[in-house]
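Asks: Attaching a single structure in structure tokens format; questions to follow.
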Amino acid sequence: MDKQEIKNRIEKLKKEINHHRYLYHVLDKHEISDAALDSLKNELFRLEMDNPEFITPDSPTQRVGGEPLDRFVKVQHSVQMISLFDAFSRDDIFAWEKRLKRIKSIPFEYFAELKLDGLAMSLRYEKNIFKIGATRGDGMVGEDVTQNLKTIESIPLELRVPNENELREIGLSGFQIKKVVQTIKNGTIEVRGEAIMNKKVFDELNKRYKKEGKPVLANSRNGAAGSIRQLNPALAAERKLDFYVYELVTDFGFERHEQKLQLAHLLGFRVLRQIKFCRSLKEVFNFYEKWLQKRNELPFEIDGVVVKVNNLKLWPILGHVGKGPRFMMAYKFPAEQVTSKVEDVVWQVGRTGTLTPIAVLIPVRVGGVTVSHATLHNMDEIFRLGIKIGDTVILERAGDVIPKVIQVLPNLRTGREKEIQVPKKCHVCGGGIERLKNEVAYRCINKNCFAVTLRNLSHWTSRGAMDIEGLGPKIVEQLVKEGLVSDIADFYSLTAGDLKPLERFAEKSSENLIKAIANKKEIPLVKFIIGLGIRHVGEETALLLVKQFLIFNSQFSNNFQFPISQFLKYFLNLKKEDLENIPDIGPVVAESLFEWFRNEKNVEILNKLQKNGVALKVERKSKKQALEGKKFVLTGSLNSLTRNEAKAKIRELGGEMSSAVSSKTDYVIVGDNPGSKYDKAKKLGIEILNEDKFQKLITHNS
């Protein structure tokens with residue numbers, strides 16, 4: 001063939017392959033076998049490899065971009081990718097409609113769709129060709145994952161151009177038809193949808209991974225997210241994801257939401273067949289109940305129904321509030337529950353020596369995850385449940401929450417069940433067990449317990465404390481077993497020569513770890529206090545102690561460094577009543593602090609840290625900050641940033657965080673699913689900030 005014939009053949013192959021892709025991935029139809037389609041793809045691939053000048057971005061061979069990426073590029077969304085408010089009952093849905101009718105007192109019609117459990121994506125097409133695919137990110141800025149999305153067969157690389165009759169059938173007029181066709185060919189079209197992994201692919205991959213000794217996928221959603229949000233498109237292709245469109249962002253002046261989905265289907269996208277126009281909430285409830293019962297028959301995971309006001313002209317009138325739109329709601333299915341049997345109860349030793357009972361279960365799948373353990377918290381919870389070894393129990397898992405035992409089924413007992421007993425000795429070190437005074441917990445009283453030592457050491461190196469790169473729990477355990485580390489001060493006397501003989505350590509990795517430890521020898525005081533792992537002392541208490549330390553050392557200038565001995569001397573001079581007088585520190589925390597600093601072993605470790613070159617530092621703000629003296633309480637989950645990020649921003653601006661709402665609270669920040677703190681704030685008349693108002697407050701004062 002000459003060049004022109006080759007070019008023509010390539011174009012015909014592309015057209016034929018795309019035709020069968022549309023039939024198979026959008027219409028679920030077959031005209032030829034998979035083997036025959038693969039043969040066509042192979043021919044196209046060979047022709048393009050021999051004639052690379054004819055390769056175009058819309059070719060089916062370009063679905064897998066060859067080289068892994070170094071990083072993801074940020075993408076600004078043209079329209080914010082919104083989150084939805086959740087409803088968990090009919091009462092919630094009725095209340096939603098009532099709120100809508102306060103804005104517009106008319107009968108509402110709805111459109112109901114299944115809520116897929118995957119990863120939300122935005123796809124942008126320019127002049128008919130797929131250009132950019134991005135994750136939701138923070139709603140305004142996502143990550144460019146175009147190359148990974150090109151591996152999904154149900155995402156067209158080139159949009160299909162519907163004919164005039166098809167567009168008339170979905171209710172478009174002459175002007176709209178012309179606008180749609182012109183925009184497809186010469187403009188920009190953006191769609192939103194969900195990337196998912198179906199159940200069959202998930203099960204097949206896990207079987208293969210298990211056989212190959214690879215880590216199995218936790219659930220199909222994590223499988224989809226892990227596929228999209230990694231840098232090698234070849235790995236993404238292996239996951240065989242699907243993509244379903246739920247929104248057409250480009251505005252064509254449609255009247256009804258269902259028209260958007262109809263056009264998306266004509267453009268070559270997969271759209272769920274399980275959708276329904278509903279004239280009233282009664283029909284919404286019927287749709288919901290139907291798929292609640294039939295969800296296991298579906299080829300993919302769902303966690304509820306999305307209900308939308310069908311009349312698009314009402315959307316701008318109803319508007320948004322907080323994180324999401326008023327005109328749609330996620331009507332979630334009840335928390336998934338399953339039954340299993342308690343085969344045994346084991347006791348886990350925490351970093352303070354506290355014992356936690358863990359139920360060992362017959363493995364069972366709940367909420368998309370296979371579980372074989374569940375915490376029983378403490379003996380009081382065991383007595384409350386009336387649970388015994390051998391009992392059949394009901395497990396519940398809602399969203400990503402850890403499964404919990406919520407009920408025992410005593411009628412299924414055989415008489416061979418056993419009472420759960422607190423062990424007389426620690427199973428790790430053989431030390432004695434005692435119940436803590438005025439508490440429900442039991443604790444190993446051996447201060448040298450290996451489990452306690454290991455958890456204390458891992459806590460010191462963790463992200464919340466020193467954040468020493470390369471020093472995770474497994475490496476810490478290895479160092480302890482080799483006798484190289486017995487307390488936190490030992491980390492700072494390690495040398496590369498100590499590490500090189502160990503398994504998993506080469507010359508470079510040994511030097512890197514020693515360098516990472518050395519970089520953390522000057523420690524912010526708040527991180528230092530957190531890292532010590534003092535019972536009842538977390539981040540909030542640590543910040544209070546630092547504040548008090550700064551008041552005592554007011555003579556020091558900004559960003560001062562000081563020895564650990566000065567820190568130790570300060571605490572040794574404090575009486576128990578001095579600690580109790582620190583604002584927001586009660587008698588239990590004061591007792592814990594007082595005892596910790598009078599423990600000879602703890603004092604020895606602090607002195608050893610100083611000897612090994614560790615010093616402390618504090619940053620003192622030189623000018624009054626915008627939120628200084630303001631107390632904040634956070635309730636519910638935020639979408640644009642994590643709770644820790646929100647707290648850090650408030651503190652950066654001089655504000656203080658509190659765990660409880662009181663008359664001294666200045667602001668309560670309310671995220672999704674707020675708790676009782678929200679109700680108390682309203683009752684006390686405290687200013688409430690939704691996420692948007694909070695963002696404006698910190699932006700204005702930054």
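Asks: Mind pulling the angle between the C-alpha long axis of helix 199-211 and the longest principal axis of the chain? Nearest 10 degrees, somewhere in 0 to 90.
Replies: Relative to the chain, helix 199-211 is tipped by roughly 50 degrees.
Asks: Taking neighbour counts of Cβ atoms within 10 Å as a proxy for exposure, in what order, fewest first, do Glu417, Glu434 appear?
Replies: Listed from fewest to most nearby Cβ atoms, that is Glu434, Glu417.
Asks: Can you give me the angle between helix 691-701 and the longest principal axis of the chain, using Cα atoms only, in degrees from 0 to 90, rounded to the nearest 10?
Replies: In the chain, helix 691-701 runs at an angle near 60 degrees to the longest axis.
Asks: Picking from Pro357, Trp347, Val307, whose Cα lies most toward the positive end of the charge dipole for region 268-372 (charges on Cβ: Lys, Arg +1; Asp, Glu -1)?
Replies: Checked the options; the winner is Val307.
Asks: Kindly provide the pair-distance distribution of region 336-435 built from C-alpha pairs, with 10 Å bins from 0 and whole-percent values in order of increasing distance.
Replies: Result returned by the calculation: 15, 46, 30, 9.
Asks: Taking the Cα centre of the chain as the origin, how large is its charge dipole in debye, to the nearest 20, when only Lys and Arg (+1) and Asp and Glu (-1) carry charge on their Cβ atoms?
Replies: Dipole size: approximately 1180 debye.
Asks: While we're looking at this one, here's another question. Just to confirm the number: angle between the C-alpha axis of helix 34-50 and the first principal axis of the chain, 0 to 90 degrees, nearest 10?
Replies: 90
Asks: Would you mind computing, in nm to one decimal, how far apart the modelled labels at Val360 and Lys341 are, each placed 7 Å from Cα along Cα→Cβ?
Replies: It is 1.5 nm.
Asks: Would you calculate, for the chain, the mean residue ellipticity at 222 nm contributed by helices, counting each DSSP H stretch of 4 or more residues as -39,500 (n - 2.57) and dividing by all residues, to the nearest 500?
Replies: My calculation for the chain gives -11000 deg cm²/dmol from helical runs alone.
Asks: Taking N as the number of residues in region 86-332, what value does Rg over Cα atoms divided by 2.2 N^0.38 Å take?
Replies: Rounded to two decimals, the normalised Rg is 1.06.
Asks: Sticking with this one: Taking region 456-544, which trypsin sites (Lys or Arg not before Pro) meet the DSSP loop condition and have no more than 16 other C-beta atoms within 10 Å?
Replies: Listed in order of number, the matching sites are Arg463, Arg504, Lys521.
Asks: How many nm separate the modelled label positions at Glu439 and Gln695, each set 7 Å beyond the Cα in the direction of the Cβ?
Replies: 4.0
Asks: Can you put Tyr244, Tyr492 in order, fewest other beta carbons within 10 Å first?
Replies: Tyr492, Tyr244
Asks: Using the C-alpha atoms of region 161-250, what convex hull volume per residue, in cubic angstrom, is computed?
Replies: Taking only Cα atoms, region 161-250 has a hull volume of 136 Å³ per residue.
Asks: Do any GluC sites (Glu not before Pro) in region 574-632 lie in a loop, going by DSSP, with at most 16 other beta-carbon atoms within 10 Å of their beta carbon, and if so which?
Replies: Loop-located and lightly packed - Glu619, Glu628.
Asks: Next question, about the same structure. For Gln407, enumerate residues with amide H under 5 Å from its amide H, sequence gap 5+ or separate chain, H modeled in the peptide plane.
Replies: Ile394
Asks: Taking a 21 Å limit on the Cα-Cα distance, which of the listed pairs Lys276/Lys332; Lys515/Lys547; Lys404/Lys682 fall beyond it?
Replies: Flagged as over cut-off: Lys515/Lys547; Lys404/Lys682.
Asks: What are the ³J(HN,Hα) values, in whole Hz, obtained from phi via the Karplus relation 6.51 cos²θ - 1.76 cosθ + 1.60 with θ = phi - 60°, for each residue of region 500-514 in sequence order, with x given for Gly and Pro?
Replies: Ordered by residue, 3J(HN,Hα) equals 3, x, 7, 4, 6, 10, 9, 4, 5, 5, 5, 5, 5, 5, 4 Hz.
Asks: Which distance in Å, rounded to a whole number, links the C-alpha centroids of region 379-396 and region 204-230?
Replies: Here the answer is 32 Å between Cα centres.
Asks: With a point put 7 Å past each Cα toward its Cβ, work out how far Asn186 is from Val321 in nm, to one decimal.
Replies: Those two pseudo-labels are separated by 4.4 nm.
Asks: Gain in length, Asn165 to Asp2, computed as 0.36 nm per residue apart minus the alpha-carbon separation, to one decimal in nm?
Replies: Once the chain is fully extended between Asn165 and Asp2, it gains 54.8 nm.
Asks: Among Trp460, Trp291, rank each residue by its count of other Cβ atoms within 10 Å, from fewest to most, as a rough exposure measure. Mind dumping the intermediate values first?
Replies: Working: Trp460 24, Trp291 19.
Lowest to highest Cβ neighbour count: Trp291, Trp460.
Asks: I would also like to ask the following. Once Rh for the chain is found with the Kirkwood sum over Cα pairs, what is the Stokes-Einstein diffusion coefficient at 20 °C and 1.002 mPa s, in µm²/s?
Replies: 71
Asks: Please state the relative contact order of the chain as a whole percent: Cα pairs under 8 Å, 6+ residues apart?
Replies: Relative CO of the chain lands at 9 percent.
The numbers here are math on the coordinates, done by the rules we state, and not lab data. Just so it is clear, the model here is predicted, and its values are computed rather than measured. Backbone-built Cβ (ideal geometry, glycine too); neighbour counts: all protein chains shown.
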